[in-house]
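To keep things clear, I will list the structure first and then write my remarks on it.
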Amino acid sequence: MKIIKWLDQHLEEALLVLFSTIMVTVIFLQVVMRTLDNSLSWSEELARYSFIWLVYIGISYGVKKQRHIKVDVALLLLKEKGRILLTIVANLLFIGFSIFVIYYGYSIATQLLSFGQKSPALQIPMGLVYMATPIGMGLTVIRLVQNLILLIKSFFEGEEDITLTEREKVQENYDD
C-alpha cells in the first residue's frame, strides 16, 4: 500500500527528474565532445526522445498540481457552485480529449512496434518513443479522475473551490 501511495504522490516527479537529468547530461556531454572535435552521433536523438517523454509526463504533472493552462475569466464571473460545476465540465471534456489521444497514440505506437522501425542512431524501437503519448495521457486521465472526485465531493458538501493545499488535505483524509 505504501508503494501505491508513493507512486500516486511522486511518480510524475520521479519521471520528470529522470528525463530532465538524461536530457541535460547528454546535451552537456555533446557540447564537451564538440569542443574536442569529436561529436556524438546519438546524443541529440536521446535528448529529443527524453524531451518528448518529459512533455507528456509534464502534462500529467500539471493536471495533478492543477497548474495546467486554462482560462479563468469565466470562473471569475461565477459563484462557488458554478465554478465547481464549470471545472467539472472542463475536466470531463479534457478526459474525452485525453481518451481520444490515448486511443490513436496507442494505435500509432503499436503499428510502429509491429513494423519494427528503429531510431537511426540508438536503434531504439520507435514505438517506444511514441508510447510517450498514450502513457502520458493515461496518467493525465488518472489525475483528472482524481480531481473530479474531489470536485464532486466539494460540490455536494457545499465547500468553496478547492485550492491545492485543501486538495492535499482532503486527499490525505481519504488515503487513511
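The values are calculated or read from the model by the stated rules, or taken from the named source; none is laboratory data. All of these numbers come straight from a predicted model, not from anything done at the bench. We place every Cβ from the backbone using ideal geometry, glycine too, and count neighbours over all the protein chains shown.
For segment 125-176, the tally of residues that are modelled with pLDDT of 95 or more and in a loop (DSSP other than H, G, I, E, B) stands at 1.
Filtering segment 66-80 to residues that are surrounded by 15 or more Cβ atoms within 10 Å (Cβ to Cβ) and either more than 13 Å from the chain's Cα centre (by Cα) or not in a loop (DSSP other than H, G, I, E, B) (or both) leaves only LEU75.
Filtering segment 55-65 for residues that are assigned to a helix (DSSP H, G or I), surrounded by fewer than 17 Cβ atoms within 10 Å (Cβ to Cβ), modelled with pLDDT of 90 or more and hydrophobic (A, V, I, L, M, F, W, C) leaves a non-empty set.
Does GLU13 qualify as being surrounded by 15 or more Cβ atoms within 10 Å (Cβ to Cβ) and of a type in the set (Asp, Glu)? Taking the combined requirement at face value, the residue does not satisfy it.
Pairs are defined by a Cβ separation below 8 Å, a sequence spacing of at least 6 or placement on different chains, a first member in segment 1-15 that is within 14 Å of THR140 (Cα to Cα), and a second member that is among the small types (Gly, Ala, Ser) and outside any loop (DSSP other than H, G, I, E, B); the pairs so defined are GLU12/GLY58; GLU12/SER60. Checked against the criteria, LEU122 does not count as surrounded by 18 or more Cβ atoms within 10 Å (Cβ to Cβ), touching a Phe, Trp or Tyr at 6+ places or on another chain (Cβ under 9 Å), at pLDDT 90 or above and within 25 Å of GLY58 (Cα to Cα).
Pairs meeting the criteria (first residue in segment 91-111 and hydrophobic (A, V, I, L, M, F, W, C), second residue not in a helix (DSSP H, G or I), beta carbons under 6 Å, at least 6 apart or on different chains) are ALA109/MET131.
Kindly indicate which of VAL101, VAL89 is crowded, with 16+ Cβ neighbours inside 10 Å, within 26 Å of LEU144 (Cβ to Cβ) and either in contact with a Lys or Arg (Cβ under 9 Å, 6 or more places away or on another chain) or among the β-branched types (Val, Ile, Thr) (or both). Spell out how you get there, then give the answer.
Numbers: VAL89 fails: crowded, with 16+ Cβ neighbours inside 10 Å.
Residue meeting the stated conditions: VAL101.
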